[in-house]
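The values are calculated or read from the model by the stated rules, or taken from the named source; none is laboratory data. Nothing here was measured: the structure is a model prediction, and the numbers come from that model. Please note: Cβ atoms are built from the backbone with ideal geometry, for glycine as well, and neighbour counts cover all protein chains shown.
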Amino acid sequence: MPIPCEVVGSIPRPLKLQRAFAAYEAKQITFEQLEPEINTACEDTIRRMEDAGQLVVTDGEQRISSFATYPIFDTLNGTGLAENLVDDGSGQVSYSVGLTKASKSNQPFSFYMRSTLQCMYCGSICTWVALTPILRFSRATLTGQYPTYKPEPSHQQKWCLLRRHYCPYLVTLLGLYLSVAGPRVPVTIPYRANSFADGHERRLPRLVSGPFRFKTFAADYMARGLHFAQNLVKQAVVAPSMLSLLYPLKSEIPGYTREQFLADLCDQCEMDIRKCFQAGAVRVSMDFTEGRLALRNDVRNPWTNERLLDFFLELNNRVINRFTAVERVHIGVHTCPGGDWDSTHSLDVPYELLLKEMFKLNVGYFLIQCASEKDRNKVFKLIGKHIRRDANGVKQMAYIGVTSTIDPRVETPEEIAQMLIAATKYIPTDQLGATDDCGFSPFCDDKKPKHGSSPDFARDIAFQKIAARVKGARIASERLGF
């Protein structure tokens, strides 16, 4: 049997559709005016995916706001938000990394220095300033995203000498005085507390009352586009672990306990999967991008500092284990470090921390980001070590990502074939498959900055990558003797 291929789910929405969504959010058009644009995009997506050679297709999630929010509202600005949810900016941030880029929603991080810390801070700043003539620069200017330095003009060398010899002592004495007799000195550092690597963020609404119910199921969207497909259809769904972040992290909702919420959540997620199969999907994959992010341990984004991975795995298994082994063969889990706006939220989190635990999920297959990893062989080795041949009655499959969804360069079929062959050194060939690193556009307003901020161009690239993946898997299969 040749190496199987599967798409994760999303495809960039055409610019025309994105503008139509924006107009709908602004109440400039009705849903009846929006729907024809959605149908056109869905039909085009399915047709082009089939033309690329993908045997099991999706509608590219053209109808939904995002993989994480489709059950609770219609658009990213909260149109159609369920009555017991509030989108006031106080909910959990679904993605978070450190500072890289300022924006209007940045909040300052302030702290107060005392005594010795104050002196050390003042002294270190002064020492850096004093060393400028030695380091051959004194002025830092910003060119693009990187600092550039201009050498100190010769007529300022005398001042630099004075600064070098006397500034550290004078300011250190000042720091000593302030630490004893002066007020506490506030230090403010602006940072983007909750963001992707490019500085943007995605925030979930918060639940304020029970019971929790899906407003819309994935199958409701899928069923509207089935008639466009000639091939088999799959559907991606949100994981219960992601939606668990709707509930307050440190408190309980009056009259609706956390355990009541989790019980309702599991029931709704089970129904979400079953409805997809009943509507005609042959495969259903759960998006679990929050798995790697849960290991960030970033105090600036509280939930990532709560060691939630074990809880996430247990919660997801509560749903997965409700299905028979025959059903679980066709239920998968997708993991990635994010791929929204061509940026990631947890690519720097050590992958081994997740992979050694993730295969505890009793699903039949995994869609695993690999192409954008620096050390792919290390990832292959971890997969081969931890993947199970018997996950409660199911042999697990590892579909490795062989195309980067945030890089506009299209991988060649030969590159993909070589990557798959390299993976067979560590992963049994009967447990190996090929996929893309992520959905190509997890959120409906993705402008794809690395693709020239052109969703239409990014859309073309996505289908080229899918075609290359299918061809590369075929080449690898032939060389491996399948």
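With the structure loaded, tell me whether LEU245 is in contact (Cβ under 8 Å) with a residue 60 or more places away in the chain, out of contact with any strand residue (DSSP E or B) (no Cβ under 8 Å at 6 or more places or on another chain) and in the same structural domain as CYS42 (by TED's automatic domain parsing) or whether it fails that test. So that I can check it myself, show each step before the final result.
Numbers: in contact (Cβ under 8 Å) with a residue 60 or more places away in the chain: yes; out of contact with any strand residue (DSSP E or B) (no Cβ under 8 Å at 6 or more places or on another chain): yes; in the same structural domain as CYS42 (by TED's automatic domain parsing): yes.
Considered against the rule, which asks whether it is in contact (Cβ under 8 Å) with a residue 60 or more places away in the chain, out of contact with any strand residue (DSSP E or B) (no Cβ under 8 Å at 6 or more places or on another chain) and in the same structural domain as CYS42 (by TED's automatic domain parsing), LEU245 comes out as yes.
Among the listed residues PHE228, PHE277, identify the single one that is in contact with a Cys (Cβ under 8 Å, 6 or more places away or on another chain), under 24 Å from CYS42 (Cα atoms) and of a type in the set (Phe, Trp, Tyr).
Values: PHE277 fails: in contact with a Cys (Cβ under 8 Å, 6 or more places away or on another chain).
Of the residues listed, the single one that is in contact with a Cys (Cβ under 8 Å, 6 or more places away or on another chain), under 24 Å from CYS42 (Cα atoms) and of a type in the set (Phe, Trp, Tyr) is PHE228.
Restricting attention to region 278-323, the residues that are more than 14 Å from GLU357 (Cα to Cα), outside any loop (DSSP other than H, G, I, E, B) and among the charged types (D, E, K, R) total 3.
Here the condition is being polar (S, T, N, Q) and at pLDDT 95 or above; of GLN28, GLN107, it holds for GLN28 alone.
Part of a helix (DSSP H, G or I), within 18 Å of the chain's Cα centre (by Cα) and not β-branched (Val, Ile, Thr), is that true of LYS450? Quick ask: steps written out before the conclusion?
Values: part of a helix (DSSP H, G or I): yes; within 18 Å of the chain's Cα centre (by Cα): yes; not β-branched (Val, Ile, Thr): yes.
Yes, satisfied.
ASP264 meets each of the listed conditions (1) in a loop (DSSP other than H, G, I, E, B); (2) in contact (Cβ under 8 Å) with a residue 40 or more places away in the chain apart from (1).
Out of everything in region 19-51 that is in contact with a Leu (Cβ under 6 Å, 6 or more places away or on another chain) and hydrophobic (A, V, I, L, M, F, W, C), what residue ends up being farthest from ALA468 (Cα to Cα)?
At the first step, the residues of region 19-51 found to be in contact with a Leu (Cβ under 6 Å, 6 or more places away or on another chain) are 20, 24, 37, 41.
Narrowing further to those that are hydrophobic (A, V, I, L, M, F, W, C): 20, 41.
Values: ALA20: 31, ALA41: 22 Å.
Among those that are in contact with a Leu (Cβ under 6 Å, 6 or more places away or on another chain) and hydrophobic (A, V, I, L, M, F, W, C), it is ALA20.
Criterion applied to ARG206, ARG224, ARG213 was being in the same structural domain as PHE67 (by TED's automatic domain parsing), buried (at least 18 other Cβ atoms within 10 Å of the Cβ) and basic (Lys, Arg), and the one residue passing it is ARG206.
Does GLN62 qualify as being buried (at least 21 other Cβ atoms within 10 Å of the Cβ) and closer than 18 Å to ARG469 by Cβ? When the stated conditions are applied, GLN62 does not pass them. Filter region 76-91 for residues that are assigned to a loop (DSSP other than H, G, I, E, B) and hydrophobic (A, V, I, L, M, F, W, C); which is nearest to GLY338 (Cα to Cα)? Among them, the one singled out is LEU76. ARG389 meets each of the listed conditions (1) within 19 Å of the chain's Cα centre (by Cα); (2) under 30 Å from LEU265 (Cα atoms) apart from (1). So, of the residues in region 324-336 that are without any contact (Cβ under 8 Å) to a residue 60 or more places away in the chain and closer than 28 Å to GLU352 by Cα, which turns out to be surrounded by the fewest Cβ atoms within 10 Å (Cβ to Cβ)? Of everything passing the filter in region 324-336, HIS330 is surrounded by the fewest Cβ atoms within 10 Å (Cβ to Cβ). Among the candidates HIS386, HIS345, the residue that is at pLDDT below 95 and at negative phi is uniquely HIS345. For the residues SER343, SER285, the requirement of being over 19 Å from GLY364 (Cβ atoms) and either touching a residue at least 24 places away in the same chain (Cβ under 8 Å) or within 14 Å of the chain's Cα centre (by Cα) (or both) singles out SER343. Taken together, the residues in region 38-75 that are hydroxyl-bearing (Ser, Thr, Tyr) and part of a helix (DSSP H, G or I) amount to 2.
How many of the residues making up region 387-437 are among the polar types (S, T, N, Q), crowded, with 21+ Cβ neighbours inside 10 Å and not in a strand (DSSP E or B)?
4
Of all residues in region 1-24, those being more than 19 Å from SER441 (Cα to Cα) and part of a helix (DSSP H, G or I) number 2.
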